[in-house]
Amino acid sequence: MSKQARVRTQELRKAQQEAAVKQARRRRIVTAVGVLVILGLLVAIVLAVVAATRGDDDPPAASGKVVVPANGNASGAVPVGEPGAPVTVEIYYDYMCPACGAFEAANGGELDRLLEDGTVRVELRPISFLDQQSSGTEYSTRAANAFATVSDGAPDSVWDFHAALYAHQPAEGSKGLSDGEIATIAEDAGVPADVIDRFTDRTYDGWVASVTEKAFASGIDGTPTIKIDGAVFTGDVYTKGPLTQAIESAAGDQ
């Protein structure tokens, strides 16, 4: 990663951390309000159980042609880092998921460092189960499709673009970022114009739906889900330190 790219990524991480603080404040407000609607939630649970018997809560079935992006694979992984790194970290995430944004804010800078020193290879696994939380705009799919397009056409920009999407993460329940806003973010992250122009082709929508379906079928039941060398990390993913310690410990065991 060049010096200019490192500076840009550091700036994005700072913006992301500021966004996480705002999200945490919103979560505290939501929690306070939630106390007033416990009875309503009990009713919702009953309705959810009924809906589950009909499969309403399942992720959408894959449809359309599945085109696997270059530098990606059918299982949903887009790797970043040295192939020979001693530790592999898999990250399952949705670009609209606020918890994923909090994870990135806490751990993104550490993962930058561990990637740069060759300790870790990161497998990014975007899924799109929050499409229904973007007021009909399918933001999760559009963002993941843009990510896959960058993986296909500009793999060296994948990590910076990933960080930039979280630095500008929209609120869950909003319409998400527009196609134009995603394009501007990609441009600022160094993605070439000819690759950005392909975002609206939606070439990888089928791939996004397919890998989402496969992730849930494999036992993934929420985001972020983090695996270290294939094992789910059960420590604190929202505080800087625990994940780094687990990665460095795994590297020391090699």
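Is it true that Trp207 is of a type in the set (Phe, Trp, Tyr), closer than 21 Å to Ile127 by Cβ, under 13 Å from the mean Cα position of the chain (by Cα) and surrounded by 20 or more Cβ atoms within 10 Å (Cβ to Cβ)?
So Trp207 does not fit the description; no.
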### Query
Can you name the number of the only condition in (1) in contact with a His (Cβ under 6 Å, 6 or more places away or on another chain); (2) modelled with pLDDT under 95 that Ile185 fails?
(2)
### Message
Need a quick list: helices (runs of 4 or more DSSP H) entirely within region 151-253 having at least 3 residues that are among the β-branched types (Val, Ile, Thr).
### Response
179-188, 205-217
### Residues satisfying the stated conditions in region 140-168, i.e. touching a Lys or Arg at 6+ places or on another chain (Cβ under 7 Å) and within 19 Å of Gly64 (Cβ to Cβ)
Asn145, Thr149
### Query
Based on what the data block shows, is Ala171 buried (at least 22 other Cβ atoms within 10 Å of the Cβ) and not basic (Lys, Arg)?
no
### Query
With respect to Ser135, is the statement that it is not basic (Lys, Arg) and not in a helix (DSSP H, G or I) true?
yes
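Would you pick out the residues in region 99-132 that are of a type outside the set (Val, Ile, Thr), outside any helix (DSSP H, G or I) and farther than 13 Å from His162 by Cα?
From region 99-132, those of a type outside the set (Val, Ile, Thr) are 99-118, 121, 123-126, 128-132; that's our starting set.
Going one step further and asking which of them are outside any helix (DSSP H, G or I), we end up with 117-118, 121, 123-126, 128-130.
Matches in region 99-132: Asp117, Gly118, Arg121, Ser128, Phe129, Leu130.
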### Message
Tally up the residues in region 148-178 that are in contact (Cβ under 8 Å) with a residue 60 or more places away in the chain and touching a Gly at 6+ places or on another chain (Cβ under 7 Å), please.
### Response
7
### Query
Is there any pair linking a residue in region 65-82 that is farther than 17 Å from Ser157 by Cβ and surrounded by 14 or more Cβ atoms within 10 Å (Cβ to Cβ) to one that is among the hydrophobic types (A, V, I, L, M, F, W, C) and modelled with pLDDT under 95, with Cβ under 9 Å and at least six apart or on different chains, and which?
Val66/Ala74; Val68/Ala74
### Query
Which residues, taken from region 91-113, are surrounded by 23 or more Cβ atoms within 10 Å (Cβ to Cβ) and either over 30 Å from Lys175 (Cα atoms) or charged (D, E, K, R) (or both)?
Asp94, Glu104
#### Entry: Long-range neighbours under 8 Å by Cβ, at least six apart or interchain, first residue closer than 13 Å to Val158 by Cα within region 179-194, second of a type in the set (D, E, K, R)
Asp188/Arg8; Ala189/Arg8; Ala189/Asp160; Gly190/Arg8; Gly190/Asp160
### Query
Looking only at region 219-232, which residues are in contact with a helix residue (DSSP H, G or I) (Cβ under 7 Å, 6 or more places away or on another chain) and surrounded by fewer than 18 Cβ atoms within 10 Å (Cβ to Cβ)?
Asp229
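The values are calculated or read from the model by the stated rules, or taken from the named source; none is laboratory data. The structure presented is a predicted model; accordingly, all values stated were derived computationally and were not measured. Neighbour counts run over all protein chains shown; Cβ positions are idealised from the backbone, glycine included.
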